[in-house]
Every structure is written in structure tokens, then in C-alpha cells.
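Derivation of every value follows stated rules applied to the coordinates shown; laboratory data play no part. Values in this document were obtained by computation on a predicted structure and should not be read as measured data. Cβ sites come from the backbone with ideal geometry, for glycine too, and all protein chains shown count toward neighbours.
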Ligand code: GAR
């Protein structure tokens with residue numbers, strides 16, 4: 001059984017997709033051990049509560065230094081002894097010591113086809129604004145392992161989504177979530193839980 005801790009910052013629709021997939025059997029061999037938010041007002045915390053999943057908030061605002069926050073944050077994650085940590089719209093930088101300890105056991109969902117529209121400053125709606133500004137015709141989402149860089153770790157799954165002529169950043173964001181994120185994030189967790197993902201030579205090897 002894969003024990004998963006999910007990290008969130010906002011609405012938590014990706015968390016909801018994971019919860020639904022665990023409950024419906026779309027994700028097997030997996031238990032959501034807990035949810036941590038850096039933001040006490042995140043609706044994601046309500047979603048966890050509604051499904052009887054333990055949750056807590058650890059906010060950088062409650063600490064005088066980033067070091068202190070990092071220490072407390074890592075402790076909070078480790079209390080649940082996770083096999084896998086899932087960043088589902090989590091907008092805080094993961095402490096380097098945690099990346100080291102959980103090498104190839106932390107995954108992130110990013111709302112673009114990496115290496116396009118990723119890296120520092122590309123998160124949430126900003127990604128879709130940049131894609132529309134550039135005029136690309138295909139966008140999408142990526143699930144990848146987290147390493148020391150920003151959106152640079154081994155890519156596990158990607159799914160493409162068409163841009164439509166009348167798209168606004170909000171409409172495009174929603175389509176990318178519906179058609180890509182809410183599908184490939186649960187699928188990646190199921191693949192990992194069933195031993196179908198490994199990393200070799202810095203690349204993820206996936207047998208679907
Ligand atoms: C999602 O679109 C996710 O891909 C993005 O934030 C949103 C969170 O939505 N993550 C990033 O941009 C990370 N760089 P949610 O809270 O409804 O799941």
C-alpha cells in the first residue's frame with residue numbers, strides 16, 4: 001500500500017481528482033495519509049475534511065525564518081511516513097533536504113507541456129497567459145518527479161490539449177485541468193503504486 005501525502009495551496013481540484021480516483025478504484029494500492037496546505041484558507045483543506053482525510057496547515061507566515069519553516073514543514077510531512085509526496089498545486093519551494101531524502105518520491109503537476117512555459121515565475125494562470133500571448137495552438141500538462149531545479153525533474157506523463165480561438169487564460173486553464181491534469185495526475189499515482197515507474201539515467205521509464 002502506497003501512503004501518499006498531498007501538498008496543496010489553493011482550490012484543490014487536483015486533490016479532488018486524486019480522492020475521487022482512490023474512492024472509485026481508478027487509483028489502486030494507495031491511501032491518502034494526509035494533506036498539508038501552506039495557506040489556511042485553501043479550499044483544498046475543506047475537500048480533505050469532507051472525505052475524512054487528516055489535514056493541517058503549515059504556513060511560512062507563522063515562522064520568523066525560511067529555515068524554521070522548512071524544518072517544521074518537513075517534520076509535518078514525515079509524521080505521515082509517506083511513500084510518495086504529491087504536489088497538487090503547491091506553490092512553495094520544497095526544501096533541498098526534503099528533495100534529497102525523497103529522491104524520485106516527490107511528484108508535481110505542472111499546467112504546460114514541459115519544457116514549454118515552465119520554470120521560475122510560471123505557475124497557475126500565468127502559464128496560460130504566456131501560452132495565449134505566444135499564440136501556441138497546443139498546450140497541456142506534465143507530471144514529473146521533483147528535483148533541485150524548477151520543473152526540471154524526470155517527466156512521467158504528459159497530455160496535450162488544443163487551444164481554441166476564443167480562449168481566455170481562465171477558459172484555457174479549465175480545459176487543461178479537465179482534459180489533462182485531472183487525468184494524468186491520478187494515473188501517475190496509480191502507475192507508481194503498482195511499480196510501473198522507474199528512473200534510469202535521469203529519465204522516467206513508464207510501463208502503462
Ligand atoms: C493547477 O493548474 C496546477 O497545475 C497548478 O496550479 C493549479 C492548482 O489548481 N500548478 C502549478 O502551476 C505549479 N507550478 P488546484 O488547486 O485546483 O489543483
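A Gaussian network model of the chain, with springs between Cα atoms under 10 Å, assigns the largest mean-square fluctuation among 154, 165, 95 to 165. The alpha carbon convex hull volume per residue for region 117-208 rounds to 99 Å³.
Look at 148, 187 and count the other Cβ atoms within 10 Å of each Cβ; fewest to most, that gives 148, 187.
In terms of surrounding Cβ atoms within a 10 Å radius of their Cβ, 190, 20, 147 rank from fewest to most as 20, 147, 190.
For the chain, modelled as a GNM with alpha-carbon contacts under 10 angstrom, which of 134, 56, 105 fluctuates the most? In this elastic network of the chain, the residue with the biggest mean-square fluctuation among 134, 56, 105 is 134. Spatial offset of region 17-50 relative to region 59-130 amounts to 16 Å, using the alpha carbon center of each.
What list of whole percents do you get for P(r) of region 7-157, with Cα-Cα distances grouped in 10 Å bins up to the one holding the largest distance? It works out to 11, 38, 38, 12, 1, in whole percents.
For the chain, the 222 nm mean residue ellipticity estimated from helices alone, with every DSSP H stretch of n ≥ 4 adding -39500 (n - 2.57) and the total spread over all residues, rounds to -9500 deg cm²/dmol. In terms of its Cα atoms, region 45-88 spans 33, 23, 17 Å along the principal axes, sorted from long to short. This ranking places 30, 13, 120, 168 by how few other beta-carbon atoms lie within 10 Å of each, fewest first, which gives 120, 168, 13, 30. Against the longest alpha carbon principal axis of the chain, how many degrees, from 0 to 90 and to the nearest 10, is the axis of helix 66-78 turned? Relative to the chain, helix 66-78 is tipped by roughly 80 degrees. Seen against the Cα atoms of the chain and their longest principal axis, helix 13-24 is set at about 70 degrees. A convex hull fitted around the alpha carbon atoms of region 1-89 yields 79 Å³ per residue.
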